[in-house]
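So the structure is just underneath, and the comments pick up after that.
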Amino acid sequence: MIGRKQEADELRRLYERNRAELVAVYGRRRVGKTFLVDEVFAGKFTFRHAGLSPVEAQADGLLRAQLDYFYNSLILFCLDSVKKRSIINS
């Protein structure tokens, strides 16, 4: 990775603290956020989910689409015991 040493080092530092952390990686589309995380944490994930871009769903149904996409990620990671329930009034 070129030009991401500082960000990669920070992610590694947080990981090595060996405690629960919530890290939000954000920025413009198509700048390598997901690639950065995948490279730094290769083989260390039990569960991984990247949200949909607002471009990938209708604006009026974006929350529903995000939740459905998250649910499908859970299923893909073999968490099939998760029950889907509606938390949004459709």
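Listed residues ARG12, ARG30; which is among the charged types (D, E, K, R), modelled with pLDDT of 85 or more and assigned to a loop (DSSP other than H, G, I, E, B)?
The unique qualifying residue is ARG30.
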Conditions (1) surrounded by fewer than 11 Cβ atoms within 10 Å (Cβ to Cβ); (2) among the aromatic types (Phe, Trp, Tyr); (3) not assigned by TED's automatic domain parsing to the domain that holds ARG4: number failed by TYR69: (1)
Any hit, the range 47-54, residues being assigned to a helix (DSSP H, G or I), surrounded by 11 or more Cβ atoms within 10 Å (Cβ to Cβ) and not small (Gly, Ala, Ser): yes
Qualifying residues in the range 5-30 (those that are surrounded by 10 or more Cβ atoms within 10 Å (Cβ to Cβ) and of a type in the set (A, V, I, L, M, F, W, C)) - the one nearest to PRO54 (Cα to Cα): VAL25
Pick from the range 74-85, criterion exposed (fewer than 15 other Cβ atoms within 10 Å of the Cβ) and under 13 Å from ARG48 (Cβ atoms), ranking: modelled with the highest pLDDT: LEU76
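The values are calculated or read from the model by the stated rules, or taken from the named source; none is laboratory data. Computed from a predicted model, the values in this text were never measured in an experiment. Note that we place each Cβ from the backbone using ideal geometry, even for glycine, and neighbour counts take in every protein chain shown.
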